[in-house]
Structure formats: structure tokens, C-alpha cells
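Remarks on the structure that follows.
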Amino acid sequence: MKKVIVGNHAVSWGVSLARAEVIAAYPITPQTQIVEELAEMCDDGRLAAKFIKVESEHSAMAACIGASATGVRAFTATSSQGLLLMHELLHWAGLGRLPIVMADINRAVAPGWNIWTDQNDTLAQRDTGWVQLYCENNQEVLDTTIQAFALAEKLSLPVMIVLDAFFLSHTSEPVDIPSPAEVDAFLPRRDAALKLDTRDPHAFGALTTPAVYMEMRKRQQEAFDQVPETLRLIDADWDRRFGRSWGAVESYRTSDADTVLVTSGTITSTARYVINERRERGEKVGLVKIKMFRPFPTEPLRRALAGIPKVAVLDRNISPGHGGIFAEELRSALYDLPSARRPRVDGYVLGLGGRDVTPEVIGECLDATRGNDSSANAREDLWVGVKP
Amino acid sequence: MRELRIHGRGGQGAVIASKLLATALFLEGKSVQSFPAFGVERRGAPVTAFLRTSDGPILLRCEITKPDGLIVLDPTLIAAVDVAAGLKDGGSILVNAEGGPETFPKLAERFRVGTVDASAVAREYGLGSKNQPIVNTAILGAFAAFSGIVSIDSVCRAIESEVPFKTADNVTAARAAAGLLRTSEAPALAGAAAREVTRG
């Protein structure tokens, strides 16, 4: 069934088809529509889940942690300040190895108060032990929401689906919604190996001494090491069933390219438009989309970018005192390529706090990098479109 | 690709209008994308919503600043805000108004103007209240007749699938309004009314 829906409702449909059993959430713009729709689905019986109303995002994540520890499928959604308030419990879910799925609508962090998109809220959570998947359109949102539960439960890791505020959350477009039976065949009920059970009482999170804590951390890292291959298999299975796959990293028109944009989120879509226009003019340009930010897809990015002379990373985020975060991580991933095959990586900081990223803005970045000398290294990230 | 902007006041249904029109065009096999102005909305305050439609895939995910056409749900907005800001030469404007296109001479100089008394139609079919009629379905019926980019049947099918309350009245209002459209000649400046689109 194809329906014209907003990105927020694509998440709600995905969660409903995945048959989440516990949903706990606190409203915040621009996320609220996700849980409003889920609350209606629980109310009218379309979704047999327990909807837990809570007094804060901290409590929402606490409820999800408790629910997930009993072996059920748990979901929450938030944005910006709400995600920041969850920070302590994100670590708890991560190290607790609880396969919770959360949607975060990327929204800039206050002050000043801003409800528009940028990635600083989620990127500030990069070390909390959550897989992070950034989406480009509403179909990808729905598909990724369902895939996220499969990935989370396979590896006992929490997964965060990330959507740009408004450009996805409030934008309506056609989405192919699979049938419940098709999704049931793809995603069976959760079968937790370990769970809290009142008939066989155990506890999680007891005192963990220096003698064992580090091994627990190492296992978490090993689970993250398995994410790329596990996601590849899940995505391939999805493709067989539904005819769509998304990948952790996607190369778009990069063969023979001398300059490649690296993007995430909805900027990717507008950037494809720019690449198509430039290709028509004979320019050798392409695009690499990073969907998966944690774990960072080092190997796929090396394969995608080795031998390309120049790369321009578009960062809708800033690590103050350093620079754009995707650019910074990409440089690190490419560092040990042989120097003859290692691209020059230019970073551009743009679109913060929801500032519009138009084809013209993207074109400026592309032109600036095309004009640079590929044998020299970039000095510092450039801020694009900032008033003097 | 065509880009449209819808002006209304909070509560008149501008955002729903953009979604209904997107659904109607989708039912005709077009690619569509619709979204509200990204901001904080209040009842009675000016509201805008947007729509892109194309035969091919829509890749742009940025704001619409140079629309090909406008739909104005409240004629008082024409004095209150610069509704024609960024409208392309040869663009078209459909206004919910009692008077005909000649009552908007400044707009008619530069653009093709259509009017329909959607408020009266909405009141007639009991949509919204007497003082605050909900005019979105009526004006979309007139838009089908005005623009030629979508059929009245598709608009009605979209209303049937998306409007859960007073569905039949909304459909009838749309059909009635389509018959009440009044249009101006396209100004000479505009050249061909159906302007080719520059961004795909």
C-alpha cells in the first residue's frame, strides 16, 4: 500500500509493523507526531503495545530499559534537549546491551531556542554505545525503522534512527507500506537470550570490578565490529522481500570522479540533484552518502574514496574547537591509505539550526573544492553562508 | 517540476490543503512532496505550506522560494503579507475572495489570477464555523479547474481518503467550487501560461 505520509508517521508505521510491545515517550517538537500516532494506534487497537506516559525523556529511556530487560521490544522517540536529558541512560542501554530502538529527529541544541534541524544532538551521543543510522527520505525512514529492530536484536545493541527536523519529519511524500504479514515474516517476535523474570530472579548492572569491566567493554566493541556485516545481510534480506536496499554507505556517480561530495541526511538528496546537473555539463563529480555513523564505516569509505583526488564533506554540525564531525572522522578513516591514493578532504560547516541548504550552497562547496590543489591538505573547515 | 505555495491563516487548513493536493497528484502517478513552513504556528496568524510535483523523482529537499503558483486561502493576507514574493513571472494565483480577479488589479498586471468564494461554499456545506469556515477542500476544487495540473476527480478521491470528518460535504464543496471559478486573462508579460520548469 502506497500512502502520502510525513517522515514522523513513517516512523510510527515502522514501529507498528515491527510490533513494538512497549512505547514510552515524552513529547517534544518536532518529534511529537511520531508518538501521537503511536498512541492512537495503541488506543484503537491497531498496535498491541503498552504506551507508558512519563514525566521526562530521562524517564522514557528508563522505562524502555526496564521493558527491554524483560525481553520485550521497546521503542521511544525524541529530539534535541530531550535526547540530551537521556544521555546518562543512553550509556545504560548501550552497556546493558539492550536492543531498544529510538528515533531522534535532529534538532539544534539551545540556547538560543531553535526547533530546526542540525545534527549536534545525535552526534553528541556518539560514544554512548548506540548504532546510528541517518536517513534521506521517508521510504528509507520506514524501511530503516523495521530493519533497526532486526539489527538491534541480532547483536544486542540499541539503535538510533535519525531524521532531519522538518525536511523529513514534517514533509509528506509517498511511502510504500508493507503488509503486516510480510513484515512478520521478516521480523519474528523478539527472542531474548537473557531477560529479567520474576519467576527466576536475577539482576542486571551489579558491581563490576576492574577484573571484569574491561572485558564487558571489549565485547561491546566486538558487537559493534559485527554491525556492518549484520546490517548488510539484513538489508539484503529486505531487498529480496521488498525490492529496496539502502546500505551503510552509498556511492553515487563516483566512477571516474575527480571530486566527490560526502553527505548525510536530507542534504544527500539535494546534493544528488547538484551532481546530476554537473554531470550533464560534463563535470566529473559524484557523491558518497554516509548512512551509518556508528559504527563508523571505515572500510566501505576507504573502498569508496581511495584514489579520488578531492573530497568535500558537508557537515550540518560542529564540534566547537575542532570542526565538522563527519569530516573529522572521515580524515581519520582515510589516514593510512597510501598517500598517492588518499584524497584531499575539505570540510564545510553549513545548515546549522535549520538554515536552508540549497543546490546553490552545495554548488559553492563543490566549486571551492574543485578549485583546490589535490596535493595539498585542507587547512581548516570553512563555514558556508555565514553573515559577517 | 512545479513548485506551489499556499497562504492561509492558522486554522484554515493550509497545511492539510498541501497534503490533500499532494495525495491527489500522487493518485495521478506524479511524484509529490509537501511540507508546512518550518516554524511555530498560531491560530489566526499567517501560515504557509508548500508543494512540489514532478513527473520524475523529486530530489530537492530545501525550501521553496520561487514558486510557479500560489493558492491564497484568505484575501486579507494580500494586504497583510507580500504573497507574491518570489512568484515567477507568468505565475498564477488562486485567491479565495468574493470579488473577481479585477479586484486584484496589481496582481493581475503580472500574473494570471483566479478567484472563487470558497468561504461561501464552505459555509453552505457547514465546513468549519460561520465566522471561520474551513475553506481548503473548496479551494482545491477550484484549483483543479484553475490550474489544469490535477483533475477534480483526483482531488475528490484525495479528500475521500484523507478527510475523516464530513467527507461527503467536503467532496461536494470541492465540486461546487470548481464551477464557481473566475479567471483573468494571463497578462501579456507572462507569455505562455504553462511555464516550463527550470528545476527538475
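A short reminder: the numbers here are calculations on the coordinates, not readings from a lab. This structure is a prediction, so every number in the text was calculated from the model and none was measured. Backbone-built Cβ (ideal geometry, glycine too); neighbour counts: all protein chains shown.
Key figures for this structure:
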read-out: Shape category assigned to segment A:49-203 from the gyration tensor of Cα positions, a/c cut at 1.5; value: oblate
read-out: Label-point separation in nm, A:Thr208 to A:Ala306, each point 7 Å along Cα→Cβ; value: 3.5 nm
read-out: Farthest toward positive dipole pole in segment A:251-383 [+1 Lys/Arg, -1 Asp/Glu at C-beta], among A:Val361, A:Ser319, A:Val274; value: A:Val274
read-out: Sites matching GluC sites (Glu not before Pro) across segment A:327-377 that sit in DSSP coil, with at most 12 neighbouring C-beta atoms within 10 Å; value: none
read-out: Segment A:251-383 - convex hull of alpha carbons, volume per residue in Å³; value: 101 Å³
read-out: Using a Förster distance of 35 Å, the FRET efficiency for A:Asn276-A:Ala368 (Cβ separation, nearest 0.05); value: 0.95
read-out: Extension reserve of the A:Ala181-A:Glu380 stretch, reckoned as 0.36 nm per residue once the Cα distance is removed; value: 66.5 nm
read-out: Normalised convex hull volume, the protein assembly as shown, alpha-carbon set, Å³ per residue; value: 169 Å³
read-out: Selection of trypsin sites (Lys or Arg not before Pro), segment A:85-183, meeting DSSP coil and at most 16 other Cβ within 10 Å; value: A:Arg126
read-out: Percent of alpha-carbon pairs separated by more than 29 Å within chain B; value: 15 percent
read-out: Potential extension, A:Glu215-A:Arg341 segment - 0.36 nm per residue separation minus Cα distance; value: 41.7 nm
read-out: Cβ-based exposure ranking for A:Ser269, A:Ser264, in which fewest neighbours within 10 Å come first; value: A:Ser269, A:Ser264
read-out: Helix-only CD estimate at 222 nm, as mean residue ellipticity for chain A, using -39500 (n - 2.57) per DSSP H run (n ≥ 4); value: -12000 deg cm²/dmol
read-out: Relative contact order (%) - criterion: Cα under 8 Å, at least six apart; region: segment B:1-63; value: 44 percent
read-out: Flagged links, alpha-carbon separation over 21 Å, of A:Lys289/B:Lys19; A:Lys3/B:Lys19; A:Lys3/A:Lys50; value: A:Lys289/B:Lys19; A:Lys3/A:Lys50
read-out: Helical contribution to [θ] at 222 nm, DSSP H n ≥ 4, -39,500 (n - 2.57), averaged over chain B, rounded to 500; value: -9500 deg cm²/dmol
read-out: Burial ordering of B:Lys88, A:Lys218, fewest other beta-carbon atoms within 10 Å first; value: A:Lys218, B:Lys88
read-out: Vicinal HN-Hα couplings computed from phi for segment A:7-12 (Karplus, 6.51 cos²θ - 1.76 cosθ + 1.60; Hz; Gly/Pro x); value: x, 4, 6, 4, 5, 4
read-out: Share, in percent, of DSSP beta bridges within segment B:2-199 that are antiparallel, nearest 5; value: 55 percent
read-out: Zone residues, segment A:127-159, relative to A:Leu196, backbone N less than 18 Å from point 7 Å out along Cα-to-Cβ; value: A:157-158
read-out: A:Met216, A:Met160, A:Met292 arranged by Cβ crowding within 10 Å, fewest neighbours leading; value: A:Met216, A:Met292, A:Met160
read-out: Over 18 Å [Cα-Cα, segment A:193-314], rounded percent; value: 66 percent
